[in-house]
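All of the numbers you see were taken from the coordinates with simple rules; none came from a lab. All values reported here derive from a predicted model rather than from experimental measurement. All Cβ positions, glycine included, derive from the backbone under ideal geometry; neighbour counts span all protein chains shown.
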Amino acid sequence: MTSGIRFDSVTVAYDGTVVLAGLDLTVESGEVMALLGPSGSGKTTALRAVAGFVRPVSGRVFLGDRDVTDLPPHRRGIGMVVQQYALFPHLRVEDNVAFGLRARKAPKVPRAEIRARVTEALEMTGMAAYARRYPRELSGGQQQRVAIARALAIRPGVLLLDEPLSALDAQLRSGMLAELARLHRELPDVSILYVTHDQIEALTLADRIAVMDQARLQACGTPRELYRAPVNEFTASFVGNANLLPVTVAEKGVTFAGTGLAVDTADAAPGARATLCVRPHLVGLGDGPNAVTGTVTEIQWRGATHRLHVDVDGHRLLADLRELKSPPALGDHVTLHFAPEDAVLLAAGVGHD
């Protein structure tokens, strides 16, 4: 089947309200692309446009070099797994997995090939031993594997995953992330579009992440690019935790809460207002470069780390520190610091209208 996905200026509207605005995005053959964003950001609408469940008011959707904008869902050759799995309760596992193959009208899949593909898909997802069971006899994680097996049985070039792990508890979710990563290694030619609001899922699985907000694409890049060098405030805050500090560009560096900080200001004009992004785990306790002083307002013990909330002249600064033997007390004055190369200067408010 054709692999790869391309959105060409795709806009979707419901009753005159735009829910996806002018999306230009390409998912390469064999790539895992995560669509990451809050509820209502447009990510699920984008996936449904690929599946054929919604029709764009403008723009085109391509699978490989095929324009599929006008094709019904069953003619697109796409595998899809939704949040609630949508298994047929009256069918055994093997019949659920075979359903898409048996429903295909042209070309018809021979009965022997259906059996072989079902076996292959169940073995690939570790569910071969459960072929004769009904969905009600399976755990949530097992049902999810069956849903994935059903999607894989048709041998799609494109696999759509719509928040498939959101119904699982934390332990099952972690295990299924590893299983999905393994499946992708075994299916290197399948393009995967993965919708999630969970940044850990996106950072773990995706080759690239498309960050969505307010119906628009805010940023797209590798997890490392978006984490280390976010292009705007929304991306910085949604991909990982971030301190977003209001600063004023100076002749050399910036000023924050009356303190001069040495950071790369690139071509920013002196006097301009901007936002400085510093990840909490890159903030240290005690004297050092770019030191600021504030008052401890909250302390959270997180097992291997302590998170300090520090008020610096009315601005909150987070520091994630290796577990402290003697953490400061609430109300203590502390000094925090960070290296110049660990800060990224953002234009204030860019990308989040």
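Numbers below:
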| quantity | calculated |
| --- | --- |
| Dipole magnitude (debye, nearest 20) for region 195-353, charges at Cβ of Lys, Arg, Asp, Glu | 160 debye |
| Contour minus Cα-Cα distance for Ala181 and Ile200 (0.36 nm per residue) | 5.5 nm |
| Whole-number percent relative contact order across region 241-347, with pairs defined as alpha carbons under 8 Å at least 6 apart | 32 percent |
| Residue exposure sequence - Cys277, Cys220 - by fewest surrounding Cβ within 10 Å | Cys220, Cys277 |
| Projected label distance in nm at Ala304 and Asp15, using a 7 Å step from Cα toward the beta-carbon | 4.8 nm |
| At R0 = 22 Å, FRET efficiency that the Cβ-Cβ distance of Arg132 and Gln84 yields, to 0.05 | 0.45 |
| ³J(HN,Hα), Karplus 6.51/-1.76/1.60, whole Hz, each residue of region 43-48, x for Gly, Pro | 5, 5, 4, 4, 5, 5 |
| Three-way shape call for region 185-255 based on the alpha-carbon gyration tensor, with the a/c threshold at 1.5 | prolate |
| Charge dipole (debye, nearest 20) of region 77-163; +1 at Cβ of Lys and Arg, -1 at Cβ of Asp and Glu | 420 debye |
| Among 134-147, 203-216, the order from most to least packed when residues are scored by Cβ within 10 Å on average | 203-216, 134-147 |
| Positive-end residue of Leu336, Leu324, Gly303, charge dipole of region 298-351 with Cβ unit charges | Gly303 |
| Mean Cβ neighbour count within 10 Å, used as a protection proxy, ranking 65-78, 22-35 highest first | 22-35, 65-78 |
| Label-point gap, in nm, between Ser29 and Arg111 - each point 7 angstrom along Cα→Cβ | 3.6 nm |
| Ranked packing of 224-233, 42-51, 333-342, 83-92, most packed first, by mean Cβ within 10 Å | 42-51, 224-233, 333-342, 83-92 |
| Selected from Val93, Thr265, His184, residue furthest toward positive end of dipole (the chain; charges at beta carbon) | Val93 |
| Leading residue at positive end of dipole, region 94-159 (Cβ point charges), from Ala147, Pro135, Ile114 | Ile114 |
| Approximate spin-label separation Lys325-Ala262, in nm, with each point projected 7 Å along Cα-to-Cβ | 3.1 nm |
| Relative contact order for the chain, counting Cα pairs under 8 Å that sit 6 or more residues apart, in percent | 17 percent |
| Charge dipole (debye, nearest 20) of region 5-233; +1 at Cβ of Lys and Arg, -1 at Cβ of Asp and Glu | 980 debye |
